[in-house]
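What follows is calculated from the coordinates using simple rules that are stated; it is not laboratory data. Model, not experiment: these values are computed from the prediction. Because the Cβ atoms are built from the backbone with ideal geometry, glycine has one as well, and the counts that use them run over all protein chains shown.
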Amino acid sequence: MSYLLPHLDNGWEVDQAILSEEDRVVCIRFGHDWDPTCMKMDETLYKVAEEVSNFAVIYLVDITQVPDFNTMYELYDPCTVMFFFRNRHIMVDFGTGNNNKMNWALGEKQEMIDIMETVYRGARKGKGLVIGPKDYSSKYKY
């Protein structure tokens, strides 16, 4: 599904995507197109792209091709999703301890829409940290 979503091929394009968007959340998936986790996330992102197009825009970045942000954003996981609004990184508290990024793949379309909507609503109010719509901590997996 990654071929259906726009790719950013260098650091300048990533910066411009974040800087130029004034009214929508910029959702960037950092990872590899061939990674199974990213494939699952890309499919979910593609499914929601049309529905969230009024308040969010989605881009994909290959971390091997564009290594500029790997140390800055600590992109060590196979798949990482980050949110930006008006040139500001928006952190989301998922209950996992890492508020900077989402480093797992979501299979549910509605969950991703809910997360993007929560980020958008919080960012519009000027918040740098929003509380996720669902708690993804490991205590509920057992």
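So what is the 222 nm mean residue ellipticity for the chain from helices alone, if each DSSP H run of at least 4 adds -39500 (n - 2.57) and you divide by all residues, rounding to the nearest 500 deg cm²/dmol? The partial results should precede the final answer.
On the way: 3 runs with 40 residues, N = 142.
That calculation yields -9000 deg cm²/dmol at 222 nm.
List the trypsin sites (Lys or Arg not before Pro) in segment 74-135 that DSSP assigns to loop (not H, G, I, E or B) and whose Cβ has at most 10 other Cβ atoms within 10 Å. Which are they?
Those that pass, being in a loop and sparsely packed, are LYS125.
Within 10 Å of each candidate Cβ there may be at most 15 other Cβ atoms; applying that plus a DSSP loop requirement, which chymotrypsin sites (Phe, Trp or Tyr not before Pro) in segment 1-48 survive? Don't jump to the answer; show the numbers that get you there.
Details: sites: TYR3, TRP12, PHE30, TRP34, TYR46; in loops: TRP34.
Sites meeting the loop and neighbour criteria: TRP34.
Give me, ordered by chain and number, the residues 5 or more places off VAL25 or on other chains with an amide H under 5 Å from its own placed amide H.
ALA56, VAL57
Charges at C-beta only: +1 for Lys and Arg, -1 for Asp and Glu. How large is the resulting dipole of the chain about its Cα centre, in Debye rounded to 20?
660 debye
Check each of the GluC sites (Glu not before Pro) in segment 1-55 and keep only those in coil by DSSP with at most 11 other C-beta atoms within 10 angstrom; list them in order.
Passing both the DSSP loop test and the Cβ count: GLU22, GLU50.
Using a 10 Å cut-off around each Cβ, can you sort HIS32, HIS89 from fewest to most neighbouring Cβ atoms?
Taking fewest neighbouring Cβ atoms as first place, the list is HIS89, HIS32.
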